[in-house]
Amino acid sequence: QRDKESIIEELQQEFDRHCGLAAEFFAGTELFVTRKNYRMAAFNLHQAAEQTYAGIIHFLSGWRVQTHSLDKLCRYAQYLLPGLAELFPRDTEAERRLFQFLQKAYSDTRYKKDYYIKSPELLILKERIKKLMDLCQKMKHSIPITF
């Protein structure tokens, strides 16, 4: 049986790996926004969000979630970390549409010619993913792991 310290160390390392990947995808978003390649920027935002949510879920529950669905990841993570539900409320048509742009970015940017996102929507998503990543970092330093 593994000791508590090794389990905590593994959770922290995995969390840091997810956060590192999220930061790199977010940096890619910055590059693609500069190039006005909004499709690829949206894809990178999806990846940054996916990595962040997966890191939160694994860190707080020990579960290695295996999905690319941001809808599922959002729902799982919001029960573990207060404040996440407010980032993508989906309580209006505009909010649902905005989240759909992000959700569809994973596959539609690669496989469908008609995926299109405008700069204003992309910038809102970028701001929210940045908030998600910031919440994630604050969480690591404020939530003690106990079991």
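The values are calculated or read from the model by the stated rules, or taken from the named source; none is laboratory data. Predicted model only: the values in this text are computed from it and were never measured. Remember, those area values only see protein heavy atoms, side chains included, never the ligands or the DNA or RNA. Shrake-Rupley method; radii C 1.70, N 1.55, O 1.52, S 1.80 Å.
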Averaged per residue, what accessible area in Å² does the chain show with a 1.4 Å probe, protein chains only? 58
For the Cα atoms of the chain, what angle does the longest principal axis make with the long axis of helix 93-111, in degrees from 0 to 90, nearest 10? 90
Can you show me the helix-derived [θ] at 222 nm for the chain, built from DSSP H runs with n ≥ 4 at -39,500 (n - 2.57) apiece and divided by the number of residues, rounded to the nearest 500. -25500 deg cm²/dmol
When each of Lys4/Lys72; Lys36/Lys72; Lys36/Lys131; Lys72/Lys140; Lys104/Lys126; Lys118/Lys140 is checked by Cα-Cα distance, pairs over 27 Å: Lys4/Lys72; Lys36/Lys72; Lys118/Lys140
Once you order the gyration tensor axes a ≥ b ≥ c over the Cα atoms, which shape class does the range 19-147 get: rounded for a/c under 1.5, otherwise prolate or oblate by comparing a/b with b/c? prolate
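For Thr92 and Lys112, compute 0.36 nm times the residue count separating them, minus their Cα-Cα distance, and round to one decimal in nm.
Numbers: separation 20, 0.36 × 20 = 7.20 nm, distance 2.60 nm.
That works out to 4.6 nm of additional length.
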Over the range 1-142, relative contact order from alpha-carbon pairs under 8 Å, at least 6 apart, %: 27
Whole-Hz Karplus ³J(HN,Hα) for the range 12-28, in order, using 6.51 cos²θ - 1.76 cosθ + 1.60 and θ = phi - 60°, x for Gly and Pro? 5, 5, 5, 4, 4, 5, 4, 5, x, 5, 4, 4, 5, 5, 5, 4, x
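What percentage of the solvent-accessible surface of the range 33-110, computed with a 1.4 Å probe over protein heavy atoms, is contributed by carbon and sulfur atoms?
On the way: 1890 of 3860 Å².
Here carbon and sulfur together make up 49 percent of the probe-accessible area.
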